[in-house]
1. Do we have PHE33 as over 23 Å from ARG145 (Cβ atoms), aromatic (Phe, Trp, Tyr) and within 10 Å of the chain's Cα centre (by Cα) here?
2. Residues that are in contact (Cβ under 8 Å) with a residue 60 or more places away in the chain and either surrounded by fewer than 19 Cβ atoms within 10 Å (Cβ to Cβ) or of a type in the set (Lys, Arg) (or both): list the helices (runs of 4 or more DSSP H) wholly contained in the stretch 1-82 that include at least 3 such residues.
3. In this structure, is ARG86 modelled with pLDDT under 85 and outside any loop (DSSP other than H, G, I, E, B)?
Amino acid sequence: MDTQTVDAAIKGDSEAFYELMNLHKTQLYRIAFRYLQSEQDALEAIQETTFRAYRSVKRLKEAEYFQTWLIRILINTCHDELKHQRVQTSLRGVNPNGSTVFDDSAEPGGNADLQRLDILSALDRLEVKHRQVIELKYFEDLTIREIAIALERPEGTIKTWLNHSYKQLREHLRDR
């Protein structure tokens with residue numbers, strides 16, 4: 001990543017900040033969509049993340065951590081949205097459903113689609129922290145260190161969570 005652009009954004013250059021957000025928008029969308037499972041909610045989370053990041057970018061100490069710092073803000077924003085959704089759901093007296101992002105009317109394309117559904121279903125059964133580390137490691141291709149920074153946890157904790165995740169995924173897939 002271009003640390004000069006990050007440094008410029010930290011110093012208040014709004015064009016540099018816009019350039020950075022443009023650079024990361026696809027990754028932010030993928031993460032937000034996986035958390036919120038709604039295009040509209042994901043876009044709103046990205047908008048809120050952009051606002052929060054712009055407001056606090058001057059406090060970023062090290063330019064090379066911009067990406068993980070931004071992902072952390074997005075994850076917190078998604079958590080806030082999920083809490084809000086749970087409160088709204090419980091106020092209406094409706095149980096939250098565990099719907100998936102797949103269209104039930106779509107015809108499966110074969111064994112690969114079924115395996116993908118099995119894996120995604122197994123991921124949904126993991127604890128949130130375990131699902132987070134799997135998604136960040138394998139869907140977003142972050143390193144253990146980057147995940148540790150984004151989740152504000154020690155690297156050893158991230159490794160432990162990954163090992164627990166692997167074990168639980170194997171059990172869930174074996175039970176299917």
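The values are calculated or read from the model by the stated rules, or taken from the named source; none is laboratory data. Computed from a predicted model, the values in this text were never measured in an experiment. All Cβ positions, glycine included, derive from the backbone under ideal geometry; neighbour counts span all protein chains shown.
1. Details: over 23 Å from ARG145 (Cβ atoms): yes; aromatic (Phe, Trp, Tyr): yes; within 10 Å of the chain's Cα centre (by Cα): yes.
Against the criterion (over 23 Å from ARG145 (Cβ atoms), aromatic (Phe, Trp, Tyr) and within 10 Å of the chain's Cα centre (by Cα)), PHE33 qualifies.
2. 14-36
3. Spelling it out, ARG86 is indeed modelled with pLDDT under 85 and outside any loop (DSSP other than H, G, I, E, B).
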